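A short write-up of the structure that comes next.
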Amino acid sequence: MERPAWAPPGIDISVPSVSRIYDYYLGGSHNFEVDRQTARRAMEFMPGLPKIMQANRAFMRRAVRHAVAEGVTQFLDIGSGIPTFGNVHEIARAATPQARVVYVDHDPVAVAHSRAVLTGDEHTDIVAADLRRPKEILAAPEVGRLLDLGRPVALLLVAVLHFLEDTDDPYAAVAELRDALAPGSLLILTHASYEGIPLPEEVAGGTVSVYRDIRNPLVMRTGEQIRGFFDGFELLEPGLVSMPHWRPDRAEDGADAESPEDPYAFSGFGGVGRKA
């Protein structure tokens with residue numbers, strides 16, 4: 001297997017990565033053949049996976065713009081993945097030049113490419129860390145340099161919590177991050193679920209099996225279970241809903257304009273909560 005020149009040293013390119021698979025769904029170029037093969041296997045069961053990811057990104061863009069409109073200019077994006085067009089710092093910076101963003105990911109390829117993209121950007125940085133260990137994230141020097149946790153922060157947990165199993169205690173991880181944030185902070189969250197998928201659960205379960213096979217279990221939680229992550233936050237209108245239904249603005253976002261035409265876009269949930 002030929003090793004791409006952009007692959008960081010020490011990366012085993014024979015092992016698939018969820019962040020590189022996500023990059024493939026979005027049409028990115030920083031993925032390996034093993035990632036593409038895994039993605040295609042998953043799409044055999046759920047062919048609308050790319051549309052789900054597009055709806056996810058469109059929701060994120062709207063939520064970031066909403067955060068800036070509320071006066072929140074600090075962003076902590078955990079599970080940020082590989083940089084693609086329309087990242088958090090690009091969306092936030094378009095709304096306010098004061099925006100400061102810290103990305104967090106544990107995939108070495110995502111971290112390496114984020115560093116390359118962010119070179120020379122004094123208001124944005126990347127931390128190599130895992131959501132399962134919130135203390136390490138909060139103690140990272142990049143967080144201390146760029147974010148003032150005494151002021152409101154927008155915490156993004158977009159398409160990441162469904163990769164934490166119950167044994168990882170994801171609710172405790174979110175609660176620890178919440179407790180470190182100032183009142184007025186926002187939680188921007190999306191999560192996979194069988195609810196809304198236009199397929200029988202036993203068929204969609206084939207995709208879950210593909211992720212389990214690569215040792216990255218995909219946990220499909222119910223809407224009620226996902227709502228539990230907002231404990232300590234007030235869910236903003238319209239609540240926890242399918243991603244295209246969260247404050248759609250089709251006149252400004254071409255990706256949103258396409259979403260309602262494809263039933264897969266309504267799979268899973270998205271929501272934004274405010275810490276009292």
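Some points to look at:
- For the range 116-182, the solvent-accessible area of protein heavy atoms averages 45 Å² per residue (probe radius 1.4 Å; ligands and nucleic acids excluded).
- Annotation note: chymotrypsin sites (Phe, Trp or Tyr not before Pro) in the range 1-63 located in DSSP loop regions with a Cβ neighbour count of at most 14 within 10 Å are TRP6.
- Projected over every direction and averaged, the convex hull enclosing the alpha-carbon atoms of the range 73-135 yields 4.1 nm².
- Size of charge dipole - the chain - debye, nearest 20, with Cβ of Lys, Arg +1 and Asp, Glu -1, no other charges: 360
- The helix-only estimate of mean residue ellipticity at 222 nm for the chain, built from DSSP H runs of length n ≥ 4 each weighted as -39500 (n - 2.57), is -11000 deg cm²/dmol after division by the residue total.
- Computed over the range 149-272: relative contact order in percent, which uses C-alpha pairs under 8 Å that are six or more apart: 31
- Gyration tensor (alpha-carbon) shape descriptor, the range 43-189, a/c threshold 1.5: rounded
- Using C-alpha pairs under 8 Å with a sequence gap of at least 6, the mean separation divided by the residue count of the chain gives a relative contact order of 20 percent.
- With contacts taken as Cα pairs under 8 Å and at least 6 residues apart, the range 109-154 reaches a relative contact order of 25 percent.
- Computed with a 1.4 Å probe over protein heavy atoms only, the accessible surface of the range 1-44 comes to 53 Å² per residue.
- Charge tally in the Cβ shell below 13 Å around PRO83, where Lys, Arg are +1 and Asp, Glu are -1, PRO83 excluded: -4
- Per-residue extension of 0.36 nm, minus the Cα-Cα distance of VAL203 and SER14, leaves a gain of 65.3 nm for this segment.
- The range 1-85: GluC sites (Glu not before Pro) falling in loop per DSSP and having at most 12 other Cβ within 10 Å: GLU2
- Globularity ratio of the chain, using Cα Rg and 2.2 N^0.38 Å: 0.94
- Contour excess over end-to-end distance, with Cα ends at ALA69 and GLN225 and 0.36 nm allotted per residue: 53.3 nm
- Carbon plus sulfur fraction of accessible area for the chain, probe 1.4 Å, in percent: 52
- Anisotropy class of the range 108-207 from Cα gyration tensor, a/c 1.5 cut: prolate
- Chymotrypsin sites (Phe, Trp or Tyr not before Pro) restricted to DSSP loop in the range 73-116 with at most 12 other C-beta within 10 Å: PHE85
The values are calculated or read from the model by the stated rules, or taken from the named source; none is laboratory data. Because the structure is a prediction, the values reported are computed rather than measured. Positions of Cβ are backbone-derived with ideal geometry, glycine not excepted, and every protein chain shown enters the neighbour counts. Protein only, heavy atoms only, side chains kept; ligands, DNA and RNA dropped before computing areas. Shrake-Rupley method; radii C 1.70, N 1.55, O 1.52, S 1.80 Å.
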